[in-house]
Structures are given as C-alpha cells and as structure tokens.
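Encoded as structure tokens, the structure appears first; notes follow it.
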Amino acid sequence: MVVSALSAVPAARPAPQATPEALAEAFARTAPLYEKIRRVVPPADWAFLAEDAEAILRLKRERNAVILAHNYQTPEIFHCVADIVGDSLALAREAMRVDADVIVLAGVYFMAETAKLLNPGKTVLIPDQDAGCSLADSITAADVRLMRAAHPGVPVIAYVNTSAAVKAEVDVCCTSGNAARVVKSFGVPKVIMLPDQYLAKNVAAETGIDIISWAGQCEVHELFTAADVRELRAANPGVTVLVHPECPPEVVAEADFAGSTAAMSDYVSEKRPPRVVLLTECSMADNVAVHYPDIDFVRPCNLCPHMKKITLRNIRAALENNLHEVTIDPEIAARARGSVERMLAL
C-alpha cells in the first residue's frame, strides 16, 4: 500500500524559540533560501524553519563544517543547508574529498559510519543517533562469518546499508547504483550478497549470476506491490513509473525503469517524462520536483521513519553542542575501510 507524501511527512514545526517578530525577520532574511523550495514547502512551515536554517549556515562557517545529505532528506535540509547531496554512493565518494574539520551526516547511522571510515581524522556527527536502518539491523558480523563457513570460497559482498562491523567481514561493499558492476567484477558464477534479498534477486536477474542472499529487506521499499503500480497507471494514464531496486522483483517488473535514487533523478533529467511517479521514500520526489516545474510528479510513496528523525533543529543542536560523534573501533574500522575503498576503486 502507498500513502501520500504530503500526508505522510510529519509536521515540520518545532516549538518556536523566538517571538513572532523575530520569526518574521528570520523569514525575510532567508527569502533566497526559501525561494529554492517554495513549490514544495508551505510558507507557514518555513516561518518555523528559517531561524534554524540561518543558524546552521552560521555554525558551518564558524566550525568549518559541511553537511552531507541523502536524497531522502526533507527539502529544507536537502536544498537549503546541505553542501553535498546524493545517494549513498555519491556521499561515500564525496566524503573522501571533504575539506572540513566537521562532517554532519544528514541521513542514517550506517552512512555516518561510512563517512567516518573514509575520514578517520575528522569529527563526524549524526544529528540523531537513533536514525537507524532496517537493512543494517537485519544482519550482524557473526551472521556473515556463518555464511562464509557455509559457502567456503564464495566472494561476499555487503550492501553499503550495513554496519561497520559487517563491512569488516566482507570482501567488498556495493550500493544500489553499482551492485551489478561489483557482482560482475569477481568474474565468478556465484557470489554472496547481503543483506537485501530483493536487491540481490534483482541483480541476479540483471547479471545472470547465482547470488546467495540474506533475508533482509528495506521496510520502506518492501511495502510497494505490483498492484500499486497497476493502480497508479490506471489512475494516472501515461505516467512513467520509476522504482528502486530494493523493491520486490515483481514491482521492478511492472515499472518503466529501476535504479538508485541518483539514477532516478538522472532519468527525470534526461527523459523529461510529462508525468512521473518515483516509488521510493517520500522526500525523494519533493527534492527532484524542485528542479522541474514543468513535470507532474505523482506523489504516492512510503515514509522512512529513520530518515525523518533528522531535522533542521537537531542538525543545529549537533553543530552547537558537538552532539553524537561517530566513533568506530580502530581494528574494525581498518578492515571495513578496505571493503568500502575496494568498492570506490571500481
């Protein structure tokens, strides 16, 4: 079942910390920022967001900090305060090039760990340390060791949506954007790929390689069904349907295109479909729609409760108080870093 993005996104209004006059002044000062997102964020919401956005921009300058934001972050984060945006692969690549003392990861915890792996000498903060991931939580390092024992000699690939401890136990990491390339890079007929069973099945169908998978799934993408796609087409004649490969294979089979969040964005940019639906996390469509006022975005989606734990308010608090610094055991970090670096080398 899919739900409306507009009804699913929680209210974006923290309790005001200033007088109405001060809020109005902050709104006026941040008018250029609001202009970027006015099509997807109501003015009444921005009135309560402007002060935090303004403070974050000041704190970034004072602390020599950058904000990395995933595509699933809300528009006021993605378009107004983030320095680097993208899917997990893009954030992993760009994290290595960051020239800053502090990195704030606006995303979920495994992404902050990956940023720390690639920047061991920098301070990495996550605004809410409880921003987790159903995929990362579905498997442990001990599970990986058991899989290796059950399938000796078979290469092990970990989706980047895993903990540093799991990354330390595998041969290489992958993302949804490069999974097929990583699988084929071994040149063998069989690999282990974990923890997303649907991504593994979709990559196996694409590559023809036998993939031993784990029984994990994304709690957002597993909810989409083939019936949802058919209903969307019936209600929106001519709509182009884009889906994420974490969706079940029968959903991918019903779609016009399946790809990572970056690939979906590129598809919209290159193909310019008159009407499109992105079957992925809610904020993705809002963030892409900002750039294409001529395209009709049908907005059904599913909400990621973990991504939505990140707000302007707790980004500001993280920068003000150095909250939730990410640390990783050095021995685990060294091995996990190797798995991520091997992915990036591809």
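Worth a mention:
- Note: relative contact order over the chain, using C-alpha pairs below 8 Å and six or more positions apart, is 23 percent.
- Using the Cβ-Cβ distance between ARG335 and ASP83 with R0 set to 30 Å, the FRET efficiency from 1/(1 + (r/R0)^6) comes to roughly 0.55.
- Potential extension, ASP296-ARG38 segment - 0.36 nm per residue separation minus Cα distance: 91.3 nm
- Spin-label pair ASP143/ARG61, simplified geometry with 7 Å Cα→Cβ offset, distance in nm: 4.6
- Net charge in the neighbourhood of ASP296 (other residues with Cβ under 13 Å of its Cβ; Lys, Arg +1, Asp, Glu -1) is +3.
- Here's the list of lysines a cross-link from LYS167 could span, going by alpha-carbon distance under 22 Å and ignoring same-chain residues fewer than 8 apart: LYS116, LYS122, LYS184, LYS190, LYS201.
- As a fraction of the 1.4 Å probe accessible area of the chain, surface on carbon and sulfur atoms comes out at 52 percent.
- For the range 110-258, the Cβ-based charge dipole about the Cα centre amounts to some 600 debye (Lys, Arg positive; Asp, Glu negative; other atoms uncharged).
- Förster radius 30 Å - calculated FRET efficiency between ALA215 and LEU344 (Cβ-Cβ, nearest 0.05): 0.60
- When the residues LYS116, LYS190 are ordered by accessible surface, computed with a 1.4 Å probe over the protein chains alone, the sequence from largest down reads LYS190, LYS116.
- Within the chain, helix-based [θ] at 222 nm, where runs of 4 or more DSSP H residues each add -39,500 (n - 2.57), nearest 500: -13000 deg cm²/dmol
- Surface calculation, 1.4 Å probe, protein heavy atoms: LEU344 sits at approximately 40 Å² accessible.
- With all protein chains kept in place, the per residue accessible area of the chain amounts to 41 square angstrom at a probe of 1.4 angstrom.
- The distance linking the range 269-317 with the range 48-63 is 23 Å (Cα centroid to Cα centroid, whole angstrom).
- Taking Cβ separations below 4.7 Å as the criterion for a possible disulfide partner, the isolated cysteines in the chain are CYS80, CYS133, CYS173, CYS174, CYS218, CYS247, CYS304.
- With both labels modelled 7 Å from their Cα along Cα-to-Cβ, the ARG93 to ALA150 distance reads 3.5 nm.
- The range 161-236: C-alpha gyration tensor shape, a/c 1.5 cut-off, then a/b vs b/c: prolate
- Computed FRET value (nearest 0.05) for ARG230 with ALA28, which takes r as the C-beta separation and R₀ as 35 Å: 0.15
- For the range 49-98, alpha-carbon Rg over 2.2 N^0.38 Å: 1.15
- Ordered by solvent-accessible area of protein heavy atoms (1.4 Å probe), largest first, the residues MET111, MET96 come out as MET96, MET111.
- Which of TYR198, TYR159 is most accessible, then next, and so on - probe 1.4 Å: TYR198, TYR159
The values are calculated or read from the model by the stated rules, or taken from the named source; none is laboratory data. Everything numeric in this text was worked out from a predicted model, so none of it was measured. Cβ coordinates were reconstructed from backbone atoms using ideal geometry, including for glycine residues, and neighbour counts include every protein chain displayed. Please note that ligands, DNA and RNA were not included when accessible areas were found on the heavy atoms of the full protein model with its side chains. Shrake-Rupley method; radii C 1.70, N 1.55, O 1.52, S 1.80 Å.
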